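The block underneath contains the structure these notes are about, expressed in structure tokens.
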Amino acid sequence: MVVQKTTLPKKDKLVKCFYVVNAEGKTLGRLASRVALVLRGKHKPTFTPHMDTGDHVIIINADKIHVTGKKTTDKAYDRYSGFHSGLKSIPYKKMMDRRPTQALKLAINRMIPKGKLGDVLKAKLFIYAGAEHPHQAQKPVVLEF
């Protein structure tokens, strides 16, 4: 009988990269799922479910993302205050007018795990509405989807 051993990556051996993604013309859900995969580290052979093996992701042009179908008029984001009748709903179009990065941030954050690991992964995501970002010193690599 052959016993196979599972190897766990050491924290000092993990290589963390910075990726830049241009969201112009991309679909909201498809981009969010691919970015969540990179944040989690599932694209690497060293992926471990309980460790942070993912990379940093910088998203530019988040205000130029689009949705398919009638989601522009029909999609709404709900939040609940905790009080009776405290449900507040914001339509997608209004959210994109007020805070264009928020829709993409919510989509990605809901695809990564909850808890301490999720908090670490959320801190590695940077979303900007325009084409400029302040992370040039990290030498980000362009990631195409």
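The values are calculated or read from the model by the stated rules, or taken from the named source; none is laboratory data. Because the structure is predicted, anything quoted here is derived from the model rather than measured. In this analysis, Cβ positions are derived from the backbone assuming ideal geometry, glycine residues included, and neighbour counts consider all displayed protein chains.
So that you can scan it fast, the table gives a plain yes or no per residue for (1) in a helix (DSSP H, G or I); (2) touching a helix residue (DSSP H, G or I) at 6+ places or on another chain (Cβ under 9 Å):
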site: 3; (1), (2): no, no
site: 7; (1), (2): no, no
site: 12; (1), (2): no, no
site: 15; (1), (2): no, no
site: 20; (1), (2): no, no
site: 24; (1), (2): no, yes
site: 31; (1), (2): yes, yes
site: 34; (1), (2): yes, no
site: 38; (1), (2): yes, no
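Cβ-Cβ distances below 9 Å connect the following pairs, each with a first residue in the range 1-28 that is at positive phi and modelled with pLDDT of 90 or more, a second residue that is outside any loop (DSSP other than H, G, I, E, B) and basic (Lys, Arg), and a separation of six or more residues or different chains: 25/64. Only a single criterion out of (1) crowded, with 17+ Cβ neighbours inside 10 Å; (2) among the charged types (D, E, K, R); (3) in contact with a Ser or Thr (Cβ under 9 Å, 6 or more places away or on another chain) is not satisfied by residue 55, namely (3). Every test in (1) at pLDDT 95 or above; (2) surrounded by fewer than 15 Cβ atoms within 10 Å (Cβ to Cβ); (3) more than 17 Å from the chain's Cα centre (by Cα) is passed by residue 90 save one, and that test is (2). Picking from residues in the range 12-38 that are among the aliphatic types (A, V, I, L, M) and more than 10 Å from residue 108 (Cα to Cα), the one that is surrounded by the most Cβ atoms within 10 Å (Cβ to Cβ) is 23.
Which residues, counting only those in the range 59-73, are assigned to a loop (DSSP other than H, G, I, E, B) and within 18 Å of residue 23 (Cα to Cα)? Don't jump to the end; show me each part of the working.
Filtering the range 59-73 for residues assigned to a loop (DSSP other than H, G, I, E, B) gives 61, 65, 67-70.
Of everything in the range 59-73, those that are assigned to a loop (DSSP other than H, G, I, E, B) and within 18 Å of residue 23 (Cα to Cα) turn out to be 61, 65, 67, 68.
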